[in-house]
Every structure is written in structure tokens, then in C-alpha cells.
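Readers should treat all values here as calculations from the given coordinates under stated rules, not as data from a laboratory. Computed from a prediction, not measured in an experiment: that's the story for all the values here. Every residue, glycine as well, gets a Cβ built from its backbone with ideal geometry; the counts of neighbours run over all protein chains shown.
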Amino acid sequence: MRPVNFAKRAALAVLLTLPAWGHAQAPAWPTKPIKWIIPYTPGGITDNATRMVVQKVQEQTGWTIVVENKPGANSILGADIAARSAPDGHTFLTVIGAHAANATLYAGRLPYDPVKSFAPVSLVGIAPLVMTVSNTLPVKDVKELIAYSKANPGKVAFGSSGVGAAAHLTQELFKQVSGADMVHVPYKGTAPALNDLMGGNLQILTDTASALMPHVRSGKIKALAVFSNKRVPGATEVPTIAEAGGPAIEGSTWVLFLAPSATPKDIVNRMSMETAKAINSPEMRAKFEALGIESVGSSPEQAGKFLDEEIVKWAKVINAAGVKAD
């Protein structure tokens, strides 16, 4: 995750360019329904955020946008479909943190280039991750968690929705910086990991506020900290990791829009403009806040820079931890 002023600067930069885009010669586009690929199953934060923004863009423009869920292979299947699509402005793709991690996890094995095969459109939003623990774990903050894990080597396990997920890599970063002694247990999705956490069979689970906070508030699990430099929407009662006695590190999942490489720049700019307009509406900001997402709505250039930085950041974590793809 980036500092909070990144979102403000990104939104301002896009809004300042709106008049120039708005008065540009409009291309003869779209000429048919736009296909929007989500490389994940329906119902998660990625799917929900994309559909909300896309629906708002449709309302603003009158375009027809058809969302297609293409899950599989840690988002590689859907990304490959998008990469091979005609760069005519009728195909777009949503990616999250896994896209940045895949650049290292599957280096030399991907059917596309995570950067060169795509044209950045907009960084939609950032969702800082929340670290929760089982009620059976005798710790009340992150400082105590670190000490407990060192005193009980090999006995503290953290779960994730899978190898290379943002939650997995954020916890690996936490281990590297804090020296905590923890073992990773990958699951096939967040739900089974959450069930084991609530049942006391797993000690730690990090995920989005929208996935975890309902269970925190019902008393089934405990929230220790958010991996952010400030408290976040959707979990304002949870301290930052630094406030909870841990290292000041940041970890998040995020939503970023891409188009196939060589998509005309004026089309990319127009979609970026409409995305920013949708995201910065009061209605959308309220919906994102409820999901624990910090609204951004960046320019294509800012989105590209963000993705490049995330690839570098997580490559260091993956290599230091020796993480291997399934």
C-alpha cells in the first residue's frame, strides 16, 4: 500500500486532466459491447469492486460492458485471455496483487509479460490487509505475538488463500522484518482458512477488512493490526501495525485496470477518465469505504508506476523467503 497522500495525488492528477480529455476528438469507439475480464470467481472483493465501477461507467456513458469471470491458475488464465485479445478497446482486465507476484513466482513460465503485454488504465483502489488471530492465542497485540512466536518456535501457523496471495506475502514480509517464527499453511481460498481460525486450528489469518471484520465484531476472532500507516475505512477500531507494537510495514491487495498492449492511447485515456469519474463520485466512495477500500482513480501513467513498484517490492519478499509457486 502507498501512503494516503498517493491516493489524493492520483485522484487530483486525473481530475485535472479531465477537461483536456473531455475536449479531445472522440474516437469511433466503442463499436460493440466491451468485454471486461475478471480472473477470479464471482463474489469476492475484486469482483465486487470491478462490477460497481463498471456499472457506474455504463451509467455515465451508455456503453454496454459485459463482465466475464475467468478464474484459474492464480489469475493467469484470465490475464492470458486479455493479453491475446485484439487491442481495439473492446477488452479490459482487472488485476490485483497476485498479478505483481506472478511476475516473480512464474518468471519465464508465463504465457504473457505482466508489464509489456498490457497497457495500464487506472489504479482503482487499495485495500490494506488486517491481521487477525484465533481467540485461543494468548496475545493481545502484535508485540506480544512476535514474542510468543519466538518463545514457541514452529508452533504458530498463519494461513492464506494460497501461495503468492497478497496476504501470504504480507505475512512473509512481517516475518522477515520482525523476526517472528511462523509457519505458512496455504488454503484453497479464504473461507476454509477462516473456519480453521475460528475453530482454533490455525493461529493467524491476514486478509481484507471486508472478509474478516464481521467475524471480529461478532467475537469469533481477534484483530491485532492493519498493515497500513493509518487506520482504514471498514476497520477504524483496529490499530495500525506500528500502533500495536510491530514494524511499520504496509501490505494490501488492490484493484487495477489494464487493457491489452497497443490499445490506442486515446481509448485508454477515455476509460481512465471515466473510471476516475466513477470512483470519485460520493456514491462510489461510500461503497468502497464499506469494503475497506481506499479510493484512488489514477492516470494510466500512475497506474503503471504503481504496478512496477509492486513487482519490485514483492520480488524481494518472494526471493528472500524462497516462496515457490504451487
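Structural remarks
- Straight-distance candidates among the lysines for linking to LYS56, with alpha-carbon spacing under 16 Å and chain neighbours fewer than 8 residues away dropped: LYS35, LYS277, LYS287.
- Mean Cβ neighbour count within 10 Å, used as a protection proxy, ranking 250-257, 121-128 highest first: 121-128, 250-257
- For the peptides 225-238, 132-145, residues were scored by their other Cβ atoms within 10 Å and the scores averaged per peptide; the highest-first order is 225-238, 132-145.
- Each eigenvalue of the Cα gyration tensor of the chain, multiplied by 5 and square-rooted, gives one semi-axis; in descending order these are 35, 20, 17 Å.
- Dipole of the chain [Lys/Arg +1, Asp/Glu -1 at C-beta], most positive-end residue of ILE65, SER149, HIS90: SER149
- Excluding same-chain neighbours fewer than eight residues apart, the lysines reachable from LYS305 by a Cα-Cα span under 19 Å are LYS8, LYS116, LYS265, LYS313, LYS316.
- Crossing angle, helix 265-279 versus the chain [Cα axis fit, 0-90 degrees, rounded to tens]: 50
- Fully extended contour minus Cα-Cα distance, from LYS155 to VAL177, at 0.36 nm per residue: 6.0 nm
- Rg and Dmax of region 175-323, Cα atoms only, in Å: 18.0, 53
- Per residue, the chain reaches -13500 deg cm²/dmol at 222 nm when only DSSP H runs of four or more residues are counted, each adding -39500 (n - 2.57).
- ³J(HN,Hα), Karplus 6.51/-1.76/1.60, whole Hz, each residue of region 240-257, x for Gly, Pro: 5, 5, 5, 4, 8, x, x, x, 7, 10, 10, x, 7, 9, 8, 10, 9, 9
- Gyration tensor (alpha-carbon) shape descriptor, region 31-188, a/c threshold 1.5: prolate
- Prolate/oblate/rounded label for region 163-255 (Cα gyration tensor, a/c 1.5): rounded
- Computed from label points 7 Å out along Cα-Cβ, the spacing between LYS140 and LYS230 is 2.9 nm.
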